[in-house]
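Working notes, beginning with the structure itself.
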Amino acid sequence: MADEIRRFLSSASGSELKNELTRYVSLFQINEVLSSTLDYDEVLRLVLQEMRTLSGAEIASIFLINKNDQVLEFAATTDAQAELLKNIRVPLGKGISGYVAQTGEYVNQNDIQSDARFYKEVDISRGGETKSYLCVPLKLRGEIKGTVQLMNKVGGEPFTEADVRLMLNFSSQAAMAIETSLLHRDALSKKAFERDVHLAAEIQKQSLPLTMPALRGYSLFGHTEPAQDVGGDYFQFLNHVERTGTSKMDIIVADVAGKGIPASLIVSNFHAALQLLSPLYDTLGELAYQLNNFMRQNLITGTFVTAFIARIDAITGRMHYVSCGHNPPYIFHQDGDKISAELLQQSGTAFGLRYDMEYRVHRLDLKPGETLLIYSDGITEAMNPQNVQYETDRLLDCVTRSLQNTAPVSDAQAIVESLRAHVHEFRAGAEVNDDLTVVCLQRLK
């Protein structure tokens with residue numbers, strides 16, 4: 001998908017970019033629709049309805065993978081002949097949908113009858129003729145869950161590359177909505193509280209990094225701990241390719257006001273907005289502006305999201321950042337055994353408080369041996385049994401001691417783990433009162 005977006009951005013005109021943005025805005029609205037229900041059948045109906053609307057297809061169908069039998073099984077369709085399709089099972093690798101389910105690659109074919117891979121049993125079963133055909137995978141965290149088939153674009157036109165980009169983006173939203181609804185359905189036999197917690201935890205895991213990315217010349221590590229089973233803290237690393245072709249990395253840490261299940265649902269919404277908007281904007285000021293408006297539109301009055309977003313060029317060490325109501329991170333400078341800490345600047349208020357906020361973008365050149373520490377207020381506001389807060393001074397002292405470790409290099413993971421252990425020791429068994437998140441980036445000498 002990243003390659004599709006990169007090719008489009010490198011050649012698109014101003015009007016094409018405007019049209020693309022308009023289409024992506026519709027995805028935001030659809031995400032809100034899909035989040036409105038956890039009922040499995042209703043989610044499938046909404047997914048098919050919105051895919052037809054976005055693509056202009058006459059018919060849309062969903063097939064999901066049966067792992068045990070290694071086949072695609074019918075899940076839902078907008079076809080009036082739905083009853084005739086319910087018993088169709090497509091072996092993985094057979095037919096176009098089987099090919100997409102096996103490889104994860106989409107197929108866009110204007111004359112499907114000429115494609116030898118076309119599984120003609122579908123047409124035979126439904127008594128119709130398929131002409132144009134677009135099939136995209138339903139992927140979640142890199143795993144293929146099924147496929148979506150779009151057939152016969154209205155007016156006899158072929159499905160366009162813009163249709164492909166939009167469907168690939170929407171399919172990830174659809175896969176998450178379907179998986180969430182499946183988890184919900186499977187958990188109905190359990191107690192209501194346990195069901196809700198389990199579901200929210202699964203959703204939150206999907207929005208966090210599965211592994212730490214490798215960044216040549218740097219040590220990078222992040223960790224989050226919810227105060228409850230799920231929480232409102234978030235961090236993520238995103239590769240960003242600008243129109244010039246320059247590759248950079250976005251480092252994001254966010255904190256939703258509140259904790260538990262309600263906060264985790266807001267985190268999921270923020271993650272979806274970030275994934276859709278980040279590829280479209282080359283400046284963090286524009287990205288922050290759009291994220292704020294999206295969150296303002298979708299948050300309940302009184303709730304908000306603080307965020308720190310940095311975009312770094314790993315080759316030069318040049319970093320641009322916006323700090324939006326979040327705890328200002330620290331840059332630690334090291335000169336031998338001497339360690340000094342510099343507080344980064346704020347850019348504006350938290351997301352979701354007011355529309356059309358402008359955010360100032362700051363620049364920082366991260367030099368070899370310097371360390372960036374980003375954290376949530378769950379660190380500094382952690383309390384011991386005497387209700388004394390951990391606060392910033394203890395954080396600075398702990399990180400300084402980690403950097404002065406007798407080892408030649410105290411890497412990012414060691415710094416994060418040391419800080420976590422120090423906060424845990426400080427709590428001395430007191431109840432955890434807030435989510436805790438730390439991300440550390442160190443440029444190696």
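Nothing in this text is a laboratory measurement; each read-out follows from the coordinates by a stated rule. Not measured: the values here are computed from a predicted model. Cβ coordinates were reconstructed from backbone atoms using ideal geometry, including for glycine residues, and neighbour counts include every protein chain displayed.
Sorted largest first, the spans of the alpha carbon positions of segment 209-443 along the three principal axes are 47, 43, 30 Å.
A protection proxy built from the mean count of other Cβ atoms within 10 Å ranks the segments 134-140, 104-110, 49-55, 80-86, most packed first, as 134-140, 49-55, 104-110, 80-86. Reported to the nearest whole Å, the Cα centre-to-centre distance from segment 279-336 to segment 416-439 is 24.
Only Cα pairs within less than 10 Å get springs; with that Gaussian network setup on the chain, which residue of Gly336, Gly217, Gly258 has the largest fluctuation? Maximum fluctuation in the GNM of the chain, among the listed residues, is at Gly336. Using a cut-off of 31 Å between Cα atoms, the listed pairs Lys248/Lys445; Lys259/Lys445; Lys67/Lys205; Lys139/Lys248 include Lys259/Lys445 as exceeding that distance.
Rounded to the nearest 10 degrees, the inclination of helix 192-206 to the longest alpha-carbon principal axis of the chain is 80 degrees. Each principal axis of segment 65-157 carries a Cα extent, and these read 36, 26, 23 Å when sorted largest first. Per-residue extension of 0.36 nm, minus the Cα-Cα distance of Thr53 and Lys131, leaves a gain of 26.2 nm for this segment.
Neighbour counts of other Cβ atoms within 10 Å put Ser402, Ser219 in the fewest-to-most order Ser219, Ser402.
Note that segment 39-45 has calculated 3J(HN,Hα) couplings of 5, 4, 5, 5, 4, 4, 4 Hz, one per residue in order, obtained from phi through the Karplus relation 6.51 cos²θ - 1.76 cosθ + 1.60 (θ = phi - 60°); glycine and proline are x. Taking amide H positions as modeled 1.01 Å from N, with prolines and chain starts lacking one, no residue 5 or more places away or on another chain lies under 5 Å from Asp229. Packing, as the average of other Cβ atoms within 10 Å across residues, places the peptides 386-399, 315-328 in the order 315-328, 386-399, highest first.
For the chain, the alpha carbon convex hull comes to 163 Å³ per residue, rounded to a whole number. Shown here is the pair-distance distribution of segment 25-120: with all Cα-Cα distances grouped in 10 Å bins from zero up to the longest one, the shares run 14, 39, 37, 9, 0 percent.
Only helices enter this figure: runs of n ≥ 4 DSSP H residues, each worth -39500 (n - 2.57), summed and divided by the residues of the chain, yield -12500 deg cm²/dmol at 222 nm to the nearest 500.
Over all distinct Cα-Cα pairs of segment 212-339, the Kirkwood formula returns a hydrodynamic radius of 15.9 Å. At full extension, Glu157 and Lys67 could sit 28.9 nm farther apart than now, given 0.36 nm per residue minus the alpha carbon distance.
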